[in-house]
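Report on the structure given below.
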Amino acid sequence: MIDTHAHLDFEAFDADRDEVINRALAEGIEFIIIPGVEIKNFEKILKISEKYDKVFCGMGIHPHYALEAGENELKSVRSNSLNKKTAAIGEIGLDYHYDYAPADVQKKLFRQQIGIAKDLDLPVIVHNREADDDIYNILQEEQDGNLRGVMHCFSSDIDFLNKCLDLGFYISFTGNITFKKSRLDDCVGEVPNDKLMLETDSPFMTPVPHRGKRNEPVNVKLIAEKIAQIKNKTTNEVISMTTANAIKFFKLFIVILSFFVVYNISFSQDKENYNNEDSANVEYINPFAKKIGIGIVYGSNTIVETYTLQKNGGSIDVSYEGIPTYGGSLFYSPLDFCLLEATYLYSKNTKVSIDNPGQPPTIDNIFELSSNWIVNPYSRVNFYGIVGYTAVFSTIFNEKKSSSDINAGIGFFVNIPTKFGLINVLAEWKLNVGLNSVSTTYQRPGTNPTPVPANRSVFSSIPRAGINFYPNLSFLK
């Protein structure tokens, strides 16, 4: 689970902030995003984020403080957004419920901060209260294909929801969907699975049954449970898809890889025959040394296709889950801690034909060149991080297309020595993130049947399992 919006910098958490964060992490919250609201708290937000590997932040000026936002304040938003722990610009937007700043002042500040987000390639976290028309008009005008965002604490109607979705925006719900008088069930059900995220908006919007108490990130599971009830899914399904969405939205996959590697540096290693006192004089022989190997792999691909419309801009995401993917790999290990891998995978997406009757399946031939960096090469269990390049050759509408990706991931394998060689049983999670788009067409189900020109880029997530074999020819002697 990822709580994409929690104001942990507020005074409500000053007495027990560390306990609140540790409680959330202990309950399975993978990441927490703290949005910025006013300039005076920026330093505090960064200190909290830098203290915890799994806490990140947004930088932005809330519309309540629009009258305080001058040139220096905007410079502060921009400079603090360069920090590695800043994952978004926000929360920003319009609030016409309270009369803290004139509408024109709010709108100007909103546009200025959207400009910063596009310059820095960061998503925006949008606050909207009783300002649907102006929010939509500004986002529509600013959407040039480079604007990504989420509608935080969504509480409007389906008409506005669909307008936001057409602009390529994500939708996030809080504890308000659990309230007895909530009228958001239809909106929750309408949001596509690949556009949905979770948030608590702590310390506000406490979900039932804790309403009336201070909200905190650990309650995000209650929101997942309510969404699961509305969408007729399991809670785990909702958690899985919203977590994947948040990882993509905030570009957290590189962060996950980095954290995994750093964490496992301290993982205990199998050194039964290694005498630390003599390490300076004795060369340690790796009992699980690898040189050249082959392997087979099977995975379940989740594909997220982003279509950027060529005529009127805007982007639309379409996702397909559970696409069987299988193939084989060749391995070469120049060093104990580095394993070079060349993999071929075949993936046939028949689900695209369900959404678009008459469209033939999309076939992907995937070629991955990866480097696997092993944290503990002398252990029976090897943890590793992955980074490399992927070439994808696709058949879409019976047309041949090609694209380039960066692949990154994490994994582990178990070393099983035999007299014939070393066997590895592995499990890994690898992401392929597109570096370029291809020109094609897009047809939204249930709308005008005429496909429209669009540029297609692809993000895929492939949890996979496999078996590798490193032969030892010495047994023939």
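The values are calculated or read from the model by the stated rules, or taken from the named source; none is laboratory data. All figures in this text were calculated on a predicted structure; none of them were measured in a lab. Positions of Cβ are backbone-derived with ideal geometry, glycine not excepted, and every protein chain shown enters the neighbour counts.
In table form, for the structure just shown:
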item: All positions within region 84-100 that are over 23 Å from Gln140 (Cα atoms) and among the hydrophobic types (A, V, I, L, M, F, W, C); result: none
item: Odd one out for Tyr65 among (1) touching a Phe, Trp or Tyr at 6+ places or on another chain (Cβ under 8 Å); (2) assigned to a strand (DSSP E or B); result: (2)
item: Selected residue (only one of Asn455, Asn424, Asn432 is crowded, with 17+ Cβ neighbours inside 10 Å and either modelled with pLDDT under 85 or not assigned by TED's automatic domain parsing to the domain that holds Tyr298 (or both)); result: Asn455
item: Qualifying residue in region 112-120 (condition: more than 22 Å from Lys251 (Cβ to Cβ) and either in the same structural domain as Phe56 (by TED's automatic domain parsing) or of a type in the set (A, V, I, L, M, F, W, C) (or both)); result: yes
item: Condition met for Val352 (loosely packed, with under 15 Cβ neighbours inside 10 Å and among the hydrophobic types (A, V, I, L, M, F, W, C)); result: no
item: Glu50 vs. criteria assigned to a helix (DSSP H, G or I) and under 26 Å from the mean Cα position of the chain (by Cα); result: yes
item: Enumeration of residues in region 378-429 that are of a type in the set (Lys, Arg) and in a strand (DSSP E or B); result: Lys400, Lys401
item: Scan of region 430-440 for residues that are among the polar types (S, T, N, Q), assigned to a strand (DSSP E or B) and either under 21 Å from the mean Cα position of the chain (by Cα) or closer than 21 Å to Phe469 by Cβ (or both), ordered by number; result: Asn432
item: Qualifying positions in region 307-329 - closer than 19 Å to Phe393 by Cβ and touching a Phe, Trp or Tyr at 6+ places or on another chain (Cβ under 9 Å); result: Pro324, Thr325, Tyr326, Gly327, Gly328, Ser329
item: Cβ pairs under 8 Å, 6+ apart, first in region 208-219 and within 17 Å of Met197 (Cβ to Cβ), second of a type in the set (Phe, Trp, Tyr) and assigned to a loop (DSSP other than H, G, I, E, B); result: Asn215/Phe204
item: Index of the failed condition, Ala101 passing every other in (1) aliphatic (A, V, I, L, M); (2) more than 23 Å from Asn146 (Cα to Cα); (3) in contact with an Asp or Glu (Cβ under 6 Å, 6 or more places away or on another chain); result: (3)
